[in-house]
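Please read the structure below before turning to the comments.
Every number here is computed from the coordinates shown, using simple stated rules; none is lab data. Because the structure is a prediction, the values reported are computed rather than measured. Please note: Cβ atoms are built from the backbone with ideal geometry, for glycine as well, and neighbour counts cover all protein chains shown.
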Amino acid sequence: MKKLRNLIIVALSVLLLIGGVQSAKADEIAFSVDPNIPANQAEAGSGYFNLLMNPGQKQTVTVKLTNSTNKKVTVESSISSATTNINGLVEYSKNGLKPDSSLKYNIADYAKVPAETVLQPNTSTTVNIDVTMPSASFKGLIAGGITFKQKSSETDQKNNDQGFAIKNEYQYVVALLMRQDKGNLAPDLKLNTVEANQVNSRNVINANLQNPAMSYLNNMNVDAKVTGITDKSLSYSYANSAMQMAPNTNFNLPIPVSIMGAIQNGQFSKPIKAGRYHLDMTVYGQKDANGKYETTVNNKPVKYDYKWTFGKDFEVTAQQAKDLNANDLTVQKDNTWLYLLIAAGVLLLLALILFFLLLRRRKKNAKEDAKTASASTAEADELKAKLAEMEEKLKAAENNESPE
């Protein structure tokens with residue numbers, strides 16, 4: 001349990017440093033949180049609650065909130081069950097992830113905290129957290145966290161020059177663990193669904209991993225490989241030796257298909273192909289110098305207490321591949337159809353222009369022919385008139401010359 005304690009302390013230290021704070025300086029943080037560790041702490045020296053309680057027992061633990069500013073501060077409080085995110089990190093604050101199907105005891109149902117606490121300037125206040133242990137006996141632990149966050153209306157600021165609203169959130173999270181004994185319960189691991197999907201507009205293969213046990217899966221070391229069955233040349237892999245899973249949680253392990261940083265490097269990822277695939281995965285857990293299983297991490301041998309191996313076939317349909325590639329920002333889009341459409345449009349335009357030019361020339365020629373014909377008719381008429389005139393003159397001359 002010492003390793004578990006150290007892992008949680010590290011995780012909480014990170015949360016205390018960056019827990020939801022955006023663009024905030026150290027002197028801007030409006031309040032601080034100091035948990036008062038009770039006597040029934042399962043392990044001494046922890047900076048979080050790890051309560052050892054009897055079935056059905058009720059208890060009130062406290063947290064000291066301090067306002068070090070000259071302004072009134074309103075702190076909102078909430079309790080959430082621990083979850084595991086896609087990076088293989090345990091989160092103790094509310095994040096919108098659905099509870100796992102194996103979660104029998106959601107800590108939010110067994111611990112209560114005031115929704116709001118008002119801190120007057122430069123004062124401290126004690127907040128009570130009422131905890132009730134389930135009446136049924138169980139092995140393992142219930143894991144969650146208490147989140148303390150300054151009220152949003154007090155942290156919103158307005159930039160007068162640009163008119164944009166700036167939101168700085170100050171948040172602390174204290175882990176809350178509940179157990180009925182100090183015994184260690186072995187973690188478990190299951191592979192559920194495997195499917196093509198996206199993370200941040202990047203194509204991935206999601207392998208859903210579940211820890212249905214009421215215990216942490218620490219030092220989680222994952223080595224996954226996806227190979228094509230339909231197209232045997234396809235291969236995608238992922239490895240991470242620094243992961244962790246909270247009790248009774250699941251998460252989608254994303255095996256990347258798209259190239260990381262492709263756009264920044266002027267590259268393009270290959271589109272995911274429709275077809276059948278196979279996933280092979282090996283997972284180790286809980287480092288132990290006397291562990292039964294050994295593997296290599298950073299070219300050094302490491303022993304673990306637990307090992308799981310998984311294999312699963314899955315399929316990417318033509319429609320899935322089309323939709324995913326269309327929305328992957330790193331995949332160069334196939335615009336052949338667009339080029340063909342443009343070419344067809346250009347050819348059609350040229351044909352229309354040529355048609356109108358020919359039509360115009362034909363009309364022009366017809367007008368010229370008509371004009372020529374009209375001129376010829378006029379000349380003929382004039383000639384006829386002259387001939388008629390000459391004939392009359394000849395006749396008149398003949399009459400004048402005839403004898404009396």
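Taken over the C-alpha atoms, the stretch 72-127 has Rg and Dmax values of 14.9, 45 angstrom. Highest average first, the peptides 315-327, 48-60, 212-224, 355-367 ordered by how many other beta carbon atoms sit within 10 Å of their residues are 212-224, 48-60, 315-327, 355-367.
Here the stretch 172-290 is treated as a Stokes sphere of Kirkwood radius computed over C-alpha pairs; at 20 °C and 1.002 mPa s its diffusion coefficient rounds to 130 µm²/s.
Here the label points at THR230 and GLN332, each 7 Å from Cα along the C-beta direction, are separated by 2.3 nm in the simple model. Working from label points 7 Å from Cα in the Cα-to-Cβ sense, the THR193 to ALA44 distance is 4.9 nm. Among 234-246, 82-94, sorting by the average number of other beta carbon atoms lying within 10 angstrom of each residue, highest first, gives 82-94, 234-246. Each label point was placed 7 Å from the Cα along the Cα-to-Cβ direction; for ASP288 and GLU154 their separation is 4.7 nm.
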